[in-house]
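The values are calculated or read from the model by the stated rules, or taken from the named source; none is laboratory data. Note that the coordinates shown come from a computational prediction; the quantities given were computed from them, not determined experimentally. Note that we place each Cβ from the backbone using ideal geometry, even for glycine, and neighbour counts take in every protein chain shown.
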Amino acid sequence: MVRYTVRVALRLSVDDSTVSVRDAARIQRFLRDNPDYLVKVKKGILYCGLCGRGPFTKRGLYLHLTRVHAEEIARTIRQTPESPRKP
Ligand SMILES: [Zn+2]
């Protein structure tokens with residue numbers, strides 16, 4: 001699930017069969033609402049949105065996020081509601 005999330009954030013190709021439809025919807029929604037959570041782009045260069053380290057290549061940032069921040073990302077996604085809360 002973390003790998004899927006990071007791949008979506010980096011706009012890499014994703015294999016939808018690796019996550020449930022519910023998780024995919026939750027992840028898409030989370031990233032749409034929090035576009036800078038995982039990835040910050042400054043002048044076209046990638047930095048980690050969680051700790052600010054960088055610059056990274058896409059692959060470098062993918063590896064950094066999945067190795068260093070996997071637990072944090074998994075926790076955050078689990079806490080994201082599947083559908084928007086009614087105001
Ligand atoms: Zn980081």
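Of everything in region 31-50, what is away from the ligand (no atom under 15 Å from the Cβ) and either among the β-branched types (Val, Ile, Thr) or over 14 Å from the mean Cα position of the chain (by Cα) (or both)? Give them in sequence order.
Once the filter is applied, which keeps residues that are away from the ligand (no atom under 15 Å from the Cβ) and either among the β-branched types (Val, Ile, Thr) or over 14 Å from the mean Cα position of the chain (by Cα) (or both), region 31-50 yields Lys43, Gly44.
Here is a yes/no grid of residues against (1) closer than 17 Å to Ala70 by Cβ; (2) assigned to a loop (DSSP other than H, G, I, E, B); (3) of a type in the set (Gly, Ala, Ser); (4) touching a strand residue (DSSP E or B) at 6+ places or on another chain (Cβ under 8 Å):
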| site | (1), (2), (3), (4) |
| --- | --- |
| Val14 | yes, yes, no, no |
| Ser17 | no, no, yes, no |
| Ala24 | no, no, yes, no |
| Phe30 | yes, no, no, no |
| Tyr37 | yes, yes, no, no |
| Leu46 | no, no, no, yes |
| Leu50 | yes, yes, no, no |
| Gly54 | no, yes, yes, yes |
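Give me the pairs: first residue in region 51-79 and under 16 Å from Val8 (Cβ atoms) and away from the ligand (no atom under 11 Å from the Cβ), second residue part of a loop (DSSP other than H, G, I, E, B) and of a type outside the set (Val, Ile, Thr), beta-carbon distance under 8 Å, and six or more apart or on different chains, which are they?
Taking only residues 6 or more apart or on different chains, the pairs are Lys58/Leu10; Lys58/Leu12; Tyr62/Leu10; Tyr62/Leu12; Ala74/Met1; Thr76/Tyr37; Ile77/Met1.
Being surrounded by 13 or more Cβ atoms within 10 Å (Cβ to Cβ), at pLDDT 95 or above and of a type in the set (S, T, N, Q) narrows it down to one of Thr80, Thr66, Thr76, so name that one. Break it down into steps so the answer makes sense when it comes.
Numbers: Thr80 fails: at pLDDT 95 or above; Thr76 fails: at pLDDT 95 or above.
Residue meeting the stated conditions: Thr66.
Would you mind stating whether Asp36 is exposed (fewer than 13 other Cβ atoms within 10 Å of the Cβ), among the charged types (D, E, K, R) and modelled with pLDDT of 90 or more?
So Asp36 fits the description; yes.
Could you tell me which residue of region 1-33 is surrounded by the fewest Cβ atoms within 10 Å (Cβ to Cβ), considering only residues that are closer than 17 Å to Leu63 by Cα and of a type in the set (D, E, K, R)?
Arg11
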